[in-house]
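Engineer: The structure that follows is given in the form of structure tokens.
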Amino acid sequence: MSNLRRIVFLALIATLLLAACTRQASKSPADSPLKAPNSTPLVLDPIAATQTAQVVISQFNQPTQMVPNAKGTMIAITAIPATPAPIVSPTPVGPTPTPVEARPSSYTVRPGESPNCLARRFDVDPEALLKANNLTETSIINVGQVLKIPLDTNFPGDRRVPGTVRPDPEGYWVSPGETIYMVACYYGDILPEEIIKANNLKEPYDISDIKNLVIP
């Protein structure tokens, strides 16, 4: 064999030996880490995620957690509390005042009252009141008697007794034996309940120890 062929042969042998040594020195496929099939690497954008978290914290003052979404992108998650409903303070409700019935359909006679007195008080025509109860001008009504009060008539003229003043700045000087109902009849167009309220009277509305009544 010529020297040239011998040199080529030896070079080929050296190349084959070198290749065999390189394959043995490399890691086997079993030593390489396995990659999960269809795995998607997470895409992390730390600058955008940090800015998002800072915005949420500044607006809601809540702790924020960075988690990946379905696509693997890191997003900021925070628990945003629900806006509380405004607290409305209940409006204080006082006791409901008992309404004063200006014109009842019937009325029980009290001491010192007369048909003309009741006609003025309830704004009723005196003749209609007498007719509704089968009375005349000379009839006498008794304490405790129930009278019908017509609802479709009015007192002719001024209901206030001539010479009286309402409200009375001097009040009413009580005479012995008088009742709150007599005082109301004296003025004509006032309800006994108004005098009772103005003077803070309690049942049975005894005014024998009172010298002067406030007249509203």
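FYI, it's all coordinate maths here, none of it is from the lab. The structure presented is a predicted model; accordingly, all values stated were derived computationally and were not measured. Methodologically, a virtual Cβ is constructed for each residue, glycine included, from the backbone with ideal geometry; neighbour enumeration extends over all protein chains shown.
Engineer: Taking every alpha carbon pair in the range 102-158, what does the distance histogram look like in 10 angstrom bins from 0, in percent?
Structural biologist: Distribution as computed: 25, 63, 12 percent.
Engineer: With a Förster radius of 25 Å, plug the Cβ-Cβ distance of residue 143 and residue 206 into 1/(1 + (r/R0)^6) and report the FRET value to the nearest 0.05.
Structural biologist: E(calc), rounded to 0.05, equals 0.95.
Engineer: Would you grab the residues whose amide H sits under 5 Å from the one on residue 188? Only those 5+ places off in sequence or on another chain, please, with H modelled 1.01 Å from N.
Structural biologist: Under 5 Å from the amide H of residue 188: 161.
Engineer: Still on this model: Multiply the residue separation of residue 103 and residue 127 by 0.36 nm, subtract the distance between their alpha-carbon atoms, and state the gained length in nm to one decimal.
Structural biologist: 7.0 nm
Engineer: List, in order, the whole-Hz ³J(HN,Hα) value for each residue of the range 165-176 obtained from phi through the Karplus relation with A = 6.51, B = -1.76, C = 1.60 and θ = phi - 60°; use x for Gly and Pro.
Structural biologist: 10, 9, x, 8, x, 8, x, 10, 7, 7, 9, x
Engineer: Roughly how many debye, to the nearest 20, is the charge dipole of the range 160-216 about its Cα centre, given +1 on each Lys and Arg Cβ, -1 on each Asp and Glu Cβ, and no other charges?
Structural biologist: 100 debye
Engineer: Let me ask you something else. Amide H to amide H, which residues 5 or more places from residue 171 or on other chains are under 5 Å from it, using H placed in the peptide plane?
Structural biologist: 215
Engineer: Name the residues whose placed amide hydrogens come within less than 5 Å of the amide hydrogen of residue 154, ignoring near sequence neighbours (fewer than 5 apart) on the same chain.
Structural biologist: Under 5 Å from the amide H of residue 154: 125.
Engineer: In Å and from the alpha-carbon atoms only, list the Rg and Dmax of the range 160-216.
Structural biologist: Cα only, the range 160-216: 10.3, 30 Å (Rg, Dmax).
Engineer: Right, another one. From the phi angles alone, apply the Karplus equation (6.51, -1.76, 1.60; θ = phi - 60°) to the range 149-154 and give each ³J(HN,Hα) in whole Hz, x where the residue is Gly or Pro.
Structural biologist: Along the range 149-154, the couplings run 10, x, 9, 10, 10, 9 Hz.
Engineer: I've got another one for you. I'd like the Karplus ³J(HN,Hα) series for the range 115-120: coefficients 6.51, -1.76, 1.60, θ = phi - 60°, whole numbers in Hz, and an x wherever there's a Gly or Pro.
Structural biologist: Using θ = phi - 60°, the values come out as x, 5, 4, 5, 5, 5 Hz.
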